[in-house]
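The values are calculated or read from the model by the stated rules, or taken from the named source; none is laboratory data. For clarity, every value in this text was computed on a predicted model and none was experimentally measured. Here Cβ is always computed from backbone atoms with ideal geometry, including for glycine, and neighbour counts include all displayed protein chains. What goes into the accessible areas is simple: the full protein's heavy atoms, side chains included, and nothing from ligands, DNA or RNA. Shrake-Rupley method; radii C 1.70, N 1.55, O 1.52, S 1.80 Å.
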Amino acid sequence: MFLLSLLFALALRPLLVFAAWGYTNNGSNYGINVGSKLVFKASKTNGDINSIVYRGTEYQVSSRVESGLRASTVTITSYSSPAYLIKVAVTYGTLVHYIVARYGNNNIYLLTNKGDASVAASRFIVRLKPNIFPHDSSMSDFCDDASTTIEASDITQNSLGYTKSKHYQDSNYGRVMDFDYVGKTTGGKASGGPFFRSLVRGCTTVAEDLYEILFYSMGHTDPERWGLQGPYVLSFTDGGTPNTALFARNADWSWFDTLGIKGWVADSARGYVAGVGIANMKSVYTYTVALSNTDYQYWGVAASSGGAYTIKRVVLGTYTLTVYKGEYAVYTTSVAVSAGSATALNTITPNSDPSGVAAIWRIGTPPTYIHFSDPRLSSWDPANFIVGTTATSDFPGYMWKDVNNDHLVYFKFTAAQIASAETIGIGITEATRSLTVGTYRGNNYIYSFTVPESEFLTDVTQWNILKITVISGSGSTAYLNTGISIDCVGLY
């Protein structure tokens, strides 16, 4: 279960329509008018949103849980307190999905409670009509008539030769923690933790998509959680940024407290965690503090000076607290959170930071933001790496058995270094074909190999050679073959 909301945003500027607040029953759909500029329809059969009309223009193809639920129990309820509200509840087996409208707000509020694995529900898809929104080649989801599919049906190469996909957001990490909203314009995510990279938005010739990921099975770093997820909001504006009061870090959702939402936990049953700081922070890194257990997860960014942090609105319970330097876990402990009170923590001193170990040499590598075949990228099989000469950026951040295996690293020793055994460490973040769907984020693992002094050349003028080989796994060819995402290689 996740308590961060994801805000979808649609910035639109067509013609206008105005009508009264309320809902109608037209036989197959409930028609809901928010009393402002937005009118939408929800299916009485399975809760699909079959129509979205904003200022008189229809934008919708269909919006639904996964590919649409089968026949469900769909009910609608009006409220006059704490505000004028309309709630549609959709029950399908152990899944309950909610669609909520609030008077005068051009928003559709969505919540999904997944009881167990019996109902497949990995995402909510907002599918809009194609060609309503302008596109240019700088946009992450740009496609044109000359675009061709290079992998599955959602990674394409356009007429400029650039790869585009709902998985890739060009210069943006696409991590859950980096977004207040994602959207389409004419003018968090909540799956897998703060660093999870996942579907954001996509475009084909038949529809334009926005996504709220409830659970994504590729590249996930923790088990699927059951229970309530949301609110996540489909918000409509006339071209500007959505109201910042809807952002997860700012939102006040207390008006949901009396709506009978299954799994809803009011703020009165929550507490918060406040930490004094983090010792020995490295200034070039952002530190993130996260809480997680089998039911919930939360996170917050520590202050760059001193490392103070606060994580609010935490449901009572016991959590694993993890401190991340960048995206690497450098400290864990257990904390208990009580309702209506603060859990105060003293200064934390990270105790598992590999960069604190003195290295003879270390190579770090960056992530990528576009498909590996994109012509804007340098070769994945560059010249061999020479420690002290080759730029770090020239080391391949990814290696595949079928693309750039057996990469060589040349290095020399001083006389003192030759006289003892050394350790080679190779840190990887992911080892799967999930690399091609836009995520380098895995569970982080450092492979350590102790090399006896007898294996090194005794002449300090000669080059020792390290060969890195991916040896396990099987699969397809090229970038779909077995691969690893390399964070660093070092000799210690």
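Out of G31, G22, G27, which single residue is small (G, A, S) and over 16 Å from V100 (Cα atoms)? Outline the logic, then answer.
On the way: G31 fails: over 16 Å from V100 (Cα atoms); G22 fails: over 16 Å from V100 (Cα atoms).
After applying the criteria, what remains is G27.
What are the pairs, 6+ residues apart or on separate chains, where a residue within segment 237-254 that is on the phi < 0 side of the Ramachandran plot has its Cβ under 6 Å from a residue that is part of a helix (DSSP H, G or I) and open to solvent by 50 Å² or more (accessible area, probe 1.4 Å)? These pairs meet every condition: N250/T244.
Pairing residues of segment 75-88 that are in the same structural domain as L110 (by the TED database) with residues that are open to solvent by 30 Å² or more (accessible area, probe 1.4 Å) and small (G, A, S), at Cβ distances under 6 Å and at least 6 apart in sequence or on separate chains, gives I86/S78. Scoring S43 on the criteria (1) modelled with pLDDT under 95; (2) surrounded by fewer than 22 Cβ atoms within 10 Å (Cβ to Cβ) leaves a single failure, condition (1). Output yes when any residue across segment 318-341 is within 24 Å of the chain's Cα centre (by Cα), surrounded by 14 or more Cβ atoms within 10 Å (Cβ to Cβ) and not in a strand (DSSP E or B), and no when none is. Yes, because at least one residue in segment 318-341 is within 24 Å of the chain's Cα centre (by Cα), surrounded by 14 or more Cβ atoms within 10 Å (Cβ to Cβ) and not in a strand (DSSP E or B).
Of everything in segment 256-274 that is among the β-branched types (V, I, T) and part of a loop (DSSP other than H, G, I, E, B), the residue that is nearest to H97 (Cα to Cα) is I261.
Considering segment 477-492, the residues that are surrounded by 17 or more Cβ atoms within 10 Å (Cβ to Cβ) and among the aliphatic types (A, V, I, L, M) include one that is nearest to I424 (Cα to Cα), namely L491. Annotation note: of Y440, Y447, the sole residue that is open to solvent by less than 60 Å² (accessible area, probe 1.4 Å), hydroxyl-bearing (S, T, Y) and either within 23 Å of F196 (Cβ to Cβ) or at pLDDT 90 or above (or both) is Y440.
Per-residue answers, yes or no, for (1) touching a Gly at 6+ places or on another chain (Cβ under 7 Å); (2) not hydroxyl-bearing (S, T, Y):
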{"site": "W264", "(1), (2)": "no, yes"}
{"site": "M281", "(1), (2)": "yes, yes"}
{"site": "Y285", "(1), (2)": "yes, no"}
{"site": "S292", "(1), (2)": "no, no"}
{"site": "Q297", "(1), (2)": "yes, yes"}
{"site": "A302", "(1), (2)": "no, yes"}
{"site": "I311", "(1), (2)": "yes, yes"}
{"site": "V314", "(1), (2)": "yes, yes"}
{"site": "T318", "(1), (2)": "no, no"}
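Do we have T390 as modelled with pLDDT under 85 and of a type in the set (V, I, T) here? No. Of the numbered criteria (1) more than 22 Å from W21 (Cβ to Cβ); (2) not in a loop (DSSP other than H, G, I, E, B), the one F133 fails is (2).
The set of residues in segment 101-135 being open to solvent by 30 Å² or more (accessible area, probe 1.4 Å), modelled with pLDDT under 85 and more than 18 Å from L69 (Cα to Cα) consists of K129, P130, N131, I132, P134, H135.
Take A431 and decide whether it is at pLDDT below 90 and over 36 Å from the mean Cα position of the chain (by Cα).
In short, no.
At least 1 residues that are farther than 20 Å from T390 by Cβ in each: list the strands (runs of 3 or more DSSP E) lying fully within segment 405-474 that qualify.
On the way: elements: 407-411, 422-430, 445-451, 464-468.
So the answer is 422-430, 445-451.
Check P382, P375, P350 and return the single one that is more than 24 Å from the chain's Cα centre (by Cα), closer than 15 Å to Y479 by Cα and assigned to a loop (DSSP other than H, G, I, E, B).
Values: P382 fails: closer than 15 Å to Y479 by Cα; P350 fails: closer than 15 Å to Y479 by Cα.
Among P382, P375, P350, only P375 is more than 24 Å from the chain's Cα centre (by Cα), closer than 15 Å to Y479 by Cα and assigned to a loop (DSSP other than H, G, I, E, B).
Taking the criterion of being among the aliphatic types (A, V, I, L, M), farther than 28 Å from T221 by Cα and open to solvent by 40 Å² or more (accessible area, probe 1.4 Å), the residues of segment 409-437 that qualify are A415, A416, A419, A421.
Selection of segment 275-299 for residues being open to solvent by 30 Å² or more (accessible area, probe 1.4 Å) and not in a loop (DSSP other than H, G, I, E, B) yields S292, W299.
The test for being hydroxyl-bearing (S, T, Y), open to solvent by 20 Å² or more (accessible area, probe 1.4 Å) and over 30 Å from K282 (Cα atoms) does not hold for S355.
Out of the residues in segment 205-255 meeting the condition of being outside any loop (DSSP other than H, G, I, E, B) and β-branched (V, I, T), tell me which one is most open to solvent (accessible area, probe 1.4 Å). Quick ask: steps written out before the conclusion?
Applying the first criterion (outside any loop (DSSP other than H, G, I, E, B)) to segment 205-255 yields 208-213, 227-237, 244-246, 254-255.
Then drop every residue that is not β-branched (V, I, T), which leaves 213, 233, 237, 244.
Working: I213: 1, V233: 1, T237: 23, T244: 75 Å².
Among those that are outside any loop (DSSP other than H, G, I, E, B) and β-branched (V, I, T), it is T244.
Counting the residues of segment 46-100 that are of a type in the set (D, E, K, R), within 26 Å of E208 (Cβ to Cβ) and open to solvent by less than 30 Å² (accessible area, probe 1.4 Å) gives 1. The single condition from (1) open to solvent by less than 30 Å² (accessible area, probe 1.4 Å); (2) of a type in the set (S, T, Y); (3) not assigned by the TED database to the domain that holds L316 that S373 fails is (1).
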